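What follows is calculated from the coordinates using simple rules that are stated; it is not laboratory data. Please read all numbers here as calculations on a predicted model, not as lab measurements. Here the Cβ positions follow ideal geometry from the backbone for every residue, glycine too, while neighbour counts run over all protein chains shown.
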Amino acid sequence: MNPKLRRSSVGSGTHWEDLAGYARAVRVGDRIVVSGTTATGPEGVVGAGDPAAQTRFILDKIEKAINQLGGALQDVVRTRIYLRHVADWEPVALVHGERFGSIRPANTMVQAQLIGDEYLVEIEAEAVIGSGDV
């Protein structure tokens, strides 16, 4: 096996990861891919009814996973945002802009039928370690 392509992963401890058999984030080489992330904390949904609060929680969770795998938020090159209600786009976009305004990853935002009525936002991210060292 090519040592540069060593695979490592982290979880966040939610029951979804065990149930569906996936990792919160996976690193292969210098690339980190973060699974779709919702505002799920130890007690369940965080920020019920507040898309901005859910987005803040999600981005913190994504950043933690990337950090655990040796990357930084500045290394994010791609985000994908899924919204339950398209009308929530602006508060979600504003929080995304707070965190990524100087990083400027590629981004897609779409309306989707999210699993779990209380979840208003789900976000995926991709990072390339060292790409933020500009």
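Rank-order 18-24, 64-70 by packing density, defined as the average count of other C-beta atoms within 10 Å over each peptide's residues, highest first.
The most tightly packed comes first, giving 64-70, 18-24.
A Cβ-based charge dipole, computed about the Cα centre of the chain with Lys and Arg at +1 and Asp and Glu at -1, lands at about 620 debye.
Sequence-ordered 3J(HN,Hα) estimates for the range 97-109 from the Karplus curve with 6.51, -1.76 and 1.60 and θ = phi - 60° stand at x, 4, 8, 10, x, 8, 8, 6, x, 5, 8, 10, 10 Hz, glycine and proline given as x. So if I take the centroid of the Cα atoms in the range 85-105 and the same for the range 10-37, what is the distance between those two points in Å? If you average the Cα positions of each part, the centres end up 22 Å apart. Shown here is the pair-distance distribution of the range 34-90: with all Cα-Cα distances grouped in 10 Å bins from zero up to the longest one, the shares run 21, 52, 25, 2 percent. In this entry, the chain is assigned a mean projected area of 8.3 nm², taken as a quarter of its C-alpha convex hull surface.
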